[in-house]
1. At a Förster distance of 30 Å, what's the computed FRET efficiency of residue 193 paired with residue 163, Cβ-Cβ distance as r, to 0.05?
2. Can you give me the accessible area per residue for the chain, using a 1.4 Å probe, in Å²?
3. At a Förster distance of 25 Å, what's the computed FRET efficiency of residue 148 paired with residue 126, Cβ-Cβ distance as r, to 0.05?
4. With the cut-off at 1.5 for a/c, could you classify the range 126-199 from its C-alpha gyration tensor as rounded, prolate or oblate?
5. Please report, in debye to the nearest 20, how large the charge dipole of the range 75-199 is about its Cα centre when each Lys and Arg carries +1 at its beta carbon and each Asp and Glu carries -1 there.
6. Please give the helix 182-194 orientation as an angle from the longest Cα principal axis of the chain, in degrees from 0 to 90, rounded to the nearest 10.
7. Give the angle, between 0 and 90 degrees and rounded to the nearest 10, that separates the Cα long axis of helix 3-51 from the longest principal axis of the Cα atoms of the chain.
8. To the nearest 500 deg cm²/dmol, what mean residue ellipticity at 222 nm is calculated for the chain from DSSP H runs of n ≥ 4 alone, each contributing -39,500 (n - 2.57), summed and divided by the residues?
Amino acid sequence: MGRKERREREQKRENYATQHSKAKRKETLIAIGVIALIAVIVGYAAWIFINMDQSQAPGGPEGAGALGSEHSHAGILVKIFGDTFGFDGPSFQIKSPWIHFEGRDGSTIHKHATGVTLEYLFNSLSIGLDDQCYVFPDGKSFCTNEDYTLNFFINGEQVSDIRDYEIMEGDKVLIEFGGETSEDIKAYLQQLENQELVK
């Protein structure tokens, strides 16, 4: 092997090594750039999360306090033509962190923030509710008419509407629809009063 051939081989090796190290350097710089970009994104997301107003968290009710600003329990009883409707089924359990039913119990409302109303609870359960109608998620509606009335009671007192009501610890809420007598309603109120709150 002559000198010329040796030099050509050495030159090829040097060129290959130079190209290979350039490629490695380029890959390293790209990797550093990607890691730096990820770090910036994670840092920004963490900053947003830390400075986020909890009352404005996604899905939260307007005007509500931060999650955990309150923890209240209230009993509820819904009677439609004398039949009890419970919220113990999976489709009614923990639909919102703000106010919900939990632990397979369908008779105790749990509220976890100030400023959360019963309207927000029923909306989260896909139950339509106003001062005239109670509408189940499947569309069955029970509305005040000539023969039957939708009635609301809070702590034994009849009220015209409960949508804007914010429960307090130990409250008892009765929703009743049908042609019940005053004696029937007294019995429902007593049933509600005897109902234990599940905390």
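1. 0.85
2. So the chain comes to 63 Å² accessible per residue, rounded to a whole number.
3. Efficiency, from the Cβ-Cβ distance: 0.65.
4. oblate
5. Charge dipole of the range 75-199: 460 debye, to the nearest 20.
6. Taking the Cα atoms of the chain, the angle to 182-194 is about 50 degrees.
7. Here the helix axis deviates by roughly 20 degrees.
8. Per the formula, -12000 deg cm²/dmol.
The values are calculated or read from the model by the stated rules, or taken from the named source; none is laboratory data. In this text the structure is predicted, and so the values were computed from the model without any measurement. Positions of Cβ are generated from backbone atoms using ideal geometry, with glycine treated the same way; all protein chains shown enter the neighbour counts. Side chains are part of the model used for accessible areas, which takes the heavy atoms of the whole protein and leaves out ligands, DNA and RNA. Shrake-Rupley method; radii C 1.70, N 1.55, O 1.52, S 1.80 Å.
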